Structures are given as C-alpha cells and as structure tokens.
Ligand code: PLP
C-alpha cells in the first residue's frame with residue numbers, strides 16, 4: 001500500500017523518524033484548530049525559558065493553577081474514604097453516573113439556595129473543562145455559537161473540534177461561524193447585545209476569565225432576556241463565583257427566568273484547590289427544553305451515562321467536606337488569601353501607570369499595554385523578570401494589547417514578582 005500523502009515523512013517527530021502511515025485521514029476539525037491549546041503552549045515557552053536560564057528563579061503567574069494547600073479537614077475526608085476502600089465494608093465501586101446524591105443536594109443547598117434547583121438537576125463532573133466538551137457532544141455540530149471575546153479558550157476550541165466553528169480566518173483571527181461578543185473596558189466588559197447576532201448557544205463566563213469582570217445583575221438580566229427572545233441556550237461558566245466580592249450574581253439562576261434558558265457549569269478547582277483532585281458540576285434545569293419540547297436534562301443524563309461514568313468517589317468525599325460548615329469556612333480563607341494576592345498585583349501594575357482591570361471579583365488581573373502586542377509583552381516580562389504571564393490574545397483577538405496575571409501564587413512569589421516588575425518598569 002502506498003499512502004497518498006505522507007505528512008512530514010522526511011522529517012523527524014520528537015526525534016523519531018516517521019515510517020509507516022495508516023490509511024486513516026485526520027479529523028478535518030482537528031486540522032482546523034489553530035496552534036496548540038493555549039496553556040500547554042505557555043508551558044512549552046516556560047520550559048524553554050528554564051532551559052535557557054537554569055539558575056533563574058521563575059515565578060509562574062501564567063496558567064491559573066492554585067498553589068495553597070487544601071485545608072486538612074478536606075484531605076482527611078478524602079484519606080478516610082480512600083482507606084475505607086481497603087475494607088470489605090467500606091469498599092465502593094461504580095457510583096451513580098450523575099454523582100453522589102448527598103453531594104448534589106449539598107451543592108443545590110449551598111450554591112443555589114432559593115433558586116428553585118433540586119439535587120437531581122446537578123450533575124457531578126470531573127471538572128468544568130470536561131463538561132464543556134460533554135456539552136458540545138450533547139449539542140453536536142449543527143449549532144451556532146457565540147463567545148465573549150476575550151474568553152477562556154476551551155469554548156472556542158471545543159466548538160472547532162465538534163465542527164461548529166467554520167474555517168479560521170487569519171485576517172480577523174476569528175472562526176467564520178463563531179459570533180465573537182467583544183468585551184472591552186469601553187462597553188463595561190459586557191457585549192452590546194443590540195448588535196449581537198442570534199446563535200443557538202451563548203457561552204458566557206462570569207467572573208470572566210481572563211478579564212476578571214463579574215457581570216452585574218442588570219447585565220445578566222439583559223443576557224437572559226436576549227436568550228429568551230432569541231430562543232437560545234446560555235452555557236454559563238461560574239468557575240470563579242467564589243471570588244465575587246460585590247453584589248454581582250454568583251449564579252445565572254439568580255436571574256428570574258434563567259432556568260428556562262441556561263445551563264451552568266462550575267468547579268471545585270479554584271474554590272477548593274481541586275485543580276488536581278478534579279471535581280466540578282453542571283446544572284441542567286428541568287425547565288430547559290429543546291424546540292420540540294424535549295427536556296435537555298434527559299439528553300445530558302444520557303451523555304453522562306454514556307461518556308463519563310461518574311466522578312471519583314474519593315474526590316466526591318472531598319467535595320462533601322468542602323461544603324461542611326468548617327470546610328467551607330476554611331476554603332473562604334484560602335480564597336481570601338488569593339484575593340489579597342490579586343490586590344498586590346493590581347496595585348503593582350497601577351503604580352507603574354498601567355490600566356488594570358479585574359482582580360477584585362476574580363483571581364486574575366487584566367493589564368493593558370497600549371499599542372504593544374500581547375505576545376511581545378509576555379516575552380519581554382518573561383525575558384527580563386523571569387515571570388510567566390499569559391498573552392491576552394491567547395483568549396481571542398479582543399485580548400490583544402493585554403496580559404493576564406494570575407493571583408494563585410504563594411505570597412512571597414507575588415511580592416517578589418511585584419519587586420521585579422517595579423524594578424524593570426521604573
Ligand atoms: N472554566 C473556566 C472559566 C476556567 O478558567 C477553567 C480553568 O482554568 C475551567 C473552566 C476548567 O476548570 P476545571 O479545572 O474544573 O476543569
């Protein structure tokens with residue numbers, strides 16, 4: 001058999017020469033994806049920098065990974081659960097695919113009190129990112145999609161992977177079929193809905209990653225009304241809700257009527273330091289139905305049973321401990337610690353005369369470097385101060401001229417970063 005085209009056949013792949021090629025064509029949607037997923041790309045640049053400067057002490061304020069230890073009231077609950085698995089009495093195999101009902105009810109009670117949601121409408125996941133893709137599988141390739149610009153890249157990339165996005169257009173750096181809802185300081189980081197085209201699905205993240213903006217009640221009311229008028233479904237990402245300090249809603253379901261138009265995804269990652277433990281949830285209200293009246297919750301249940309099989313029971317035991325009164329209190333102080341970090345970062349950049357957004361209701365500062373490419377600013381800060389940030393354009397063309405700085409580091413690293421930045425820029 002002679003393959004028709006052999007990609008890269010004469011070159012090496014990670015040092016290994018490519019020989020035999022299968023007859024399997026590459027998924028055209030994967031071919032359509034532009035460059036690597038943002039965060040592994042940052043990690044690659046970081047590793048190159050470490051190779052170049054082996055003695056430099058690198059400060060990582062890029063990828064939003066938590067650094068504070070998990071309070072031991074929570075790890076003890078996980079350890080206890082893990083040890084019990086070594087006993088006949090305590091052993092547990094598969095659980096319910098949708099998650100432990102006690103945890104589902106606790107989430108409904110703590111995060112959605114008085115919002116009319118029940119435990120059976122909460123589906124426990126292994127993280128919000130995984131459920132973004134499961135939701136895309138639920139929706140399929142025929143959906144039209146809108147995203148905030150800038151926004152967390154998983155919404156756009158998963159749309160490309162399932163075939164919703166259309167061709168990438170290098171001149172605009174946008175995918176043809178995705179509606180980009182520009183969110184800038186000029187519009188209060190909230191899209192002008194009067195000029196936004198109708199789509200089936202609207203991804204909306206608040207507090208937003210990367211801008212740190214938490215949408216107000218009035219803004220979310222507009223969004224819900226917009227979705228209702230257009231017959232759209234909102235996929236609302238509240239992964240950073242625990243960081244809200246002002247009166248902004250922590251859930252889309254605080255808005256009347258949202259249960260008929262919105263799915264909410266959320267996570268223990270940033271609220272409980274579970275980025276490695278892996279636990280999240282998705283809310284699919286019973287009132288949310290397709291154009292033919294069929295309940296979305298039934299299809300999501302089907303997807304979860306087919307494609308997931310349930311979150312780790314150890315992680316779920318940890319999740320229940322997070323929601324116990326003592327666990328919840330301990331986590332609030334961890335969130336408070338990161339918020340103080342965010343304040344230090346915001347003050348640092350402001351003292352350099354730069355305009356800084358976010359940092360008050362989110363663990364990210366969004367810093368404007370007017371007239372400068374965000375990759376250039378990223379590279380300059382890395383080269384001159386050994387601090388890793390994220391270039392704003394990685395979150396969409398609307399992120400150009402910005403960098404995102406994460407507050408998830410240890411305090412001494414944040415203070416050291418502040419010193420280095422002040423030294424370099426003044
Ligand atoms: N949603 C947003 C907005 C995020 O920023 C992240 C992670 O950074 C996720 C979801 C993914 O969360 P998880 O760790 O639960 O998969």
Along its three principal axes, how long is region 269-372 when you only count alpha carbons? Whole Å, largest extent first please. 54, 40, 23
Need one number: nm distance between label points at residue 105 and residue 34, each 7 Å from Cα along Cα→Cβ, rounded to one decimal. 4.9 nm
Taking a crude spin-label model, label points 7 Å out from Cα along the C-beta direction, the residue 260 to residue 84 distance in nm is 4.3 nm
Pull up the DSSP beta bridges for the chain and report the antiparallel fraction as a percent, rounded to 5. 55 percent
For a quick check: sort 50, 261, 405 by the number of other beta carbons within 10 angstrom, fewest at the front. 50, 261, 405
Alpha-carbon gyration tensor eigenvalues x 5, square-rooted, for the chain, Å: 32, 28, 26
For 240, 180, what's the fewest-to-most ordering of other Cβ within 10 Å of each Cβ? 180, 240
Using the per-residue mean of other Cβ atoms lying within 10 Å as a proxy for protection, in what order, highest first, do the peptides 377-389, 92-104 fall? 377-389, 92-104
Quick check: residue separation of residue 94 and residue 324 times 0.36 nm, minus the Cα distance between them. What number comes out in nm? 80.4 nm
Alpha carbon centre of region 168-242 versus region 105-132: separation in Å? 22 Å
Output the peptides 334-345, 116-127 sorted from most to least packed, where packing is the average of other Cβ atoms within 10 Å over each peptide's residues. 116-127, 334-345
Region 342-413 - Debye-derived log10 I(q)/I(0), Cα point model, q = 0.12, 0.26, 0.28 Å⁻¹: -0.28, -1.33, -1.45
For the residues 411, 60, what sequence is obtained by ranking on other C-beta atoms within 10 Å, fewest first? 411, 60
Using a ≥ b ≥ c from the Cα gyration tensor of region 72-325 (square roots of the eigenvalues), is it rounded, prolate or oblate, where a/c under 1.5 gives rounded and otherwise the larger of a/b and b/c decides, a/b for prolate? prolate
Expected-Rg normalisation [2.2 N^0.38 Å, Cα atoms] applied to region 80-162: 1.47
Note the per residue figure in Å³ for the convex hull of the C-alpha positions in region 194-313. 125 Å³
The value for region 190-245 (convex hull of the alpha-carbon atoms, volume per residue, Å³) is 80 Å³
Give the share of C-alpha pairs in each 10 angstrom bin for region 20-118, from 0 to the last occupied bin, in whole percents, shortest bins first. 10, 17, 20, 27, 22, 3, 0
Between region 250-307 and region 319-377, how many Å separate their Cα centres? 26 Å
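No value in this document is a laboratory result; all are computed from the given coordinates. A quick note: this is a predicted structure, and the numbers were derived from the prediction, not measured. In this analysis, Cβ positions are derived from the backbone assuming ideal geometry, glycine residues included, and neighbour counts consider all displayed protein chains.
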